[in-house]
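Taking it in order: structure first as structure tokens, then the write-up.
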Amino acid sequence: MVSPNPLPTFAPGTVINDRYELRSKLGSDGHVYEAHDRHFDSTVAVKLLDPVAGESSRSWDEARRLEKLSSRCLLGVLNADIDNASDIRFIVTPLVTGGDMETMAKNLGLGLHNTARVIRHAAAGIDRIHAEGMLHRDIKPGNVLIDGDTVLVSDLGYCAIMDADCTTDANGTWQTVAPEVASGGRCSISSDVYSLGATAFYAFSGEYPVSLRLQLTEQIERIKSGDLRELRDLAPHVPQSVATVVRKSLAMVPQDRYDSVEAFANALASAMDGRRDWQKVAHDAHALCVAGAPFKTQGKVLVCAERRGTGITIIARHESSKRRVKGCADTNVQLNRLPVELRRIVGALS
């Protein structure tokens, strides 16, 4: 895991190896800076890497491999090196526009079809890392960049070369780290599969398998014990077949997960095949609402859980006409029954 002694924030004007002049910090997570590359007179992104417990900063065998990695689904590494003045590892990448999955999917998710597409592309990038004999070790929504049709896996700085037993030292972020790694075990292809599964969970629901509202110590204990939330309780519009695939990727026992990130992505795509696309939407004073895309001969529909007094009324309407959807009578439910009833109605319309 990342060292408990993180890096400080560096002031604008700091120069790395007489080449990269840091201009401004990008985002609130980690140490990524917009920088000026003096050699090529270009604007780049520089990520300074927190030290990893047990790993020497002066020996970085992965650096050359990172520079040679090539995939349309990976954020290219222009340079990977160690700062001469501080022994801090850093990687240099193109400065990209767009956003990351963590920001784009927060609370509402990305929608069913878009999530399957994004995970498929992310898996292709991660599979390329595995083919090079390395593990990513920090797959999470914040490291999946999305710009229109382009999906890029970023933050390759913590990639590590696999030992003879196909494992590496532990690393990861609590929200998506595999239980065996959280418990002090080593990273493996299976732990990368788990992290991609947790990332897919977030993309479908807008939330992590373990709630961030809990104290960190409680989050960690739940991760270690496999005490995860049910995807369809948070995202009732997700088909059971899809939830089953995600749950397999998050299995407590590594051998019970998919053999590769590609196998997981393929299973996800197969589970979605031929199904209506659904997306969470936000409406004022509603407990939970989902929108169904046009499907076969049907137009777009909205299924909304309206708060009425002490209860909730679920209504299903055609978006264009606002007329009630045939066969879907307004239903009064208590909050604890909401996911069950939404799953029933969405299933009938899919």
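The values are calculated or read from the model by the stated rules, or taken from the named source; none is laboratory data. Bear in mind that the values here come from a model prediction, so they are computed numbers and not experimental data. Heads up, the Cβs are rebuilt from the backbone with ideal geometry, glycines too, and the neighbour counts pull from every protein chain shown. All accessible areas refer to the heavy atoms of the entire protein, side chains included, with ligands and DNA or RNA removed. Shrake-Rupley method; radii C 1.70, N 1.55, O 1.52, S 1.80 Å.
For the stretch 68-85, how many residues are within 13 Å of Leu152 (Cα to Cα) and assigned to a strand (DSSP E or B)?
1
Take Leu108 and tell me if it is out of contact with any Lys or Arg (no Cβ under 8 Å at 6 or more places or on another chain), of a type outside the set (Ser, Thr, Tyr) and in contact (Cβ under 8 Å) with a residue 60 or more places away in the chain.
It is false that Leu108 is out of contact with any Lys or Arg (no Cβ under 8 Å at 6 or more places or on another chain), of a type outside the set (Ser, Thr, Tyr) and in contact (Cβ under 8 Å) with a residue 60 or more places away in the chain.
Evaluate the following for Val261: is it farther than 23 Å from Arg337 by Cβ, buried (at least 17 other Cβ atoms within 10 Å of the Cβ) and touching a helix residue (DSSP H, G or I) at 6+ places or on another chain (Cβ under 8 Å)?
yes
Which members of the stretch 145-164 meet the condition of being over 20 Å from Leu48 (Cβ atoms), assigned to a loop (DSSP other than H, G, I, E, B) and of a type in the set (D, E, K, R)?
Answer for the stretch 145-164, where residues must be over 20 Å from Leu48 (Cβ atoms), assigned to a loop (DSSP other than H, G, I, E, B) and of a type in the set (D, E, K, R): Asp149, Asp163.
Got at least one residue in the stretch 280-287 being open to solvent by less than 70 Å² (accessible area, probe 1.4 Å), closer than 17 Å to His113 by Cα, outside any helix (DSSP H, G or I) and at pLDDT 95 or above?
The answer is yes, given that some residue of the stretch 280-287 is open to solvent by less than 70 Å² (accessible area, probe 1.4 Å), closer than 17 Å to His113 by Cα, outside any helix (DSSP H, G or I) and at pLDDT 95 or above.
Return the residue satisfying two criteria in turn: it lies in the stretch 86-101 and is in contact (Cβ under 8 Å) with a residue 12 or more places away in the chain and in a loop (DSSP other than H, G, I, E, B), and of such residues it is most open to solvent (accessible area, probe 1.4 Å).
Start the filter on the stretch 86-101 by keeping residues that are in contact (Cβ under 8 Å) with a residue 12 or more places away in the chain, which leaves 87-101.
Those left that are additionally in a loop (DSSP other than H, G, I, E, B): 87-88, 95-98.
Working: Asp87: 59, Ile88: 25, Leu95: 72, Val96: 64, Thr97: 101, Gly98: 61 Å².
Looking at residues that are in contact (Cβ under 8 Å) with a residue 12 or more places away in the chain and in a loop (DSSP other than H, G, I, E, B), I get Thr97.
Just to be sure, is Leu268 touching a helix residue (DSSP H, G or I) at 6+ places or on another chain (Cβ under 9 Å), among the aliphatic types (A, V, I, L, M) and either open to solvent by less than 30 Å² (accessible area, probe 1.4 Å) or farther than 30 Å from His136 by Cα (or both)?
Yes: the conditions hold for Leu268.
Among (1) open to solvent by less than 40 Å² (accessible area, probe 1.4 Å); (2) on the phi > 0 side of the Ramachandran plot, there is one condition Cys166 misses while meeting the rest; what is its number?
Condition (1) is where Cys166 drops out.
Is there a residue being without any contact (Cβ under 8 Å) to a residue 60 or more places away in the chain, within 22 Å of Trp174 (Cβ to Cβ), open to solvent by less than 10 Å² (accessible area, probe 1.4 Å) and touching an Asp or Glu at 6+ places or on another chain (Cβ under 9 Å) anywhere in the stretch 120-136?
The answer is yes; a qualifying residue exists.
Taking the stretch 164-179 as the region of interest, how many residues are closer than 18 Å to Asp256 by Cα and in contact with a helix residue (DSSP H, G or I) (Cβ under 6 Å, 6 or more places away or on another chain)?
Total meeting the criteria: 3.
Which residue, of Arg64, Arg58, is in a helix (DSSP H, G or I), under 20 Å from Arg19 (Cβ atoms) and at pLDDT below 90?
Residue meeting the stated conditions: Arg64.
Lys326 passes all but one of (1) in contact with a helix residue (DSSP H, G or I) (Cβ under 7 Å, 6 or more places away or on another chain); (2) in a loop (DSSP other than H, G, I, E, B); which number fails?
That leaves (1) as the condition not met.
With the structure loaded, tell me whether Phe295 is touching a residue at least 60 places away in the same chain (Cβ under 8 Å), open to solvent by less than 70 Å² (accessible area, probe 1.4 Å) and of a type outside the set (Val, Ile, Thr) or whether it fails that test.
Judged against the criteria, Phe295 is not a match.
Which residues, counting only those in the stretch 179-197, are farther than 18 Å from Leu156 by Cα and in contact with a Pro (Cβ under 8 Å, 6 or more places away or on another chain)?
Across the stretch 179-197, the qualifying residue is only Glu180.
Report, by residue number, each residue of the stretch 321-338 that is open to solvent by less than 100 Å² (accessible area, probe 1.4 Å) and charged (D, E, K, R).
Within the stretch 321-338, just Asp330 meets the criteria.
Of the residues in the stretch 298-307, how many are part of a strand (DSSP E or B) and without any contact (Cβ under 8 Å) to a residue 24 or more places away in the chain?
Just the residues of the stretch 298-307 that are part of a strand (DSSP E or B), to begin with: 298, 301-307.
Going one step further and asking which of them are without any contact (Cβ under 8 Å) to a residue 24 or more places away in the chain, we end up with 302, 304, 306-307.
Counting residues in the stretch 298-307 that are part of a strand (DSSP E or B) and without any contact (Cβ under 8 Å) to a residue 24 or more places away in the chain gives 4.
What pairs can you find where one residue is in the stretch 262-288 and touching a residue at least 24 places away in the same chain (Cβ under 8 Å), the other is among the charged types (D, E, K, R), and their Cβ atoms are less than 7 Å apart, with a gap of 6+ or different chains?
Pairs found: Glu262/Asp127; Ala265/Arg120; Ala269/Arg120; Ala287/Arg307.
Take the conditions surrounded by fewer than 23 Cβ atoms within 10 Å (Cβ to Cβ) and modelled with pLDDT under 95 and apply them to Ile161. Does it pass?
Judged against the criteria, Ile161 is a match.
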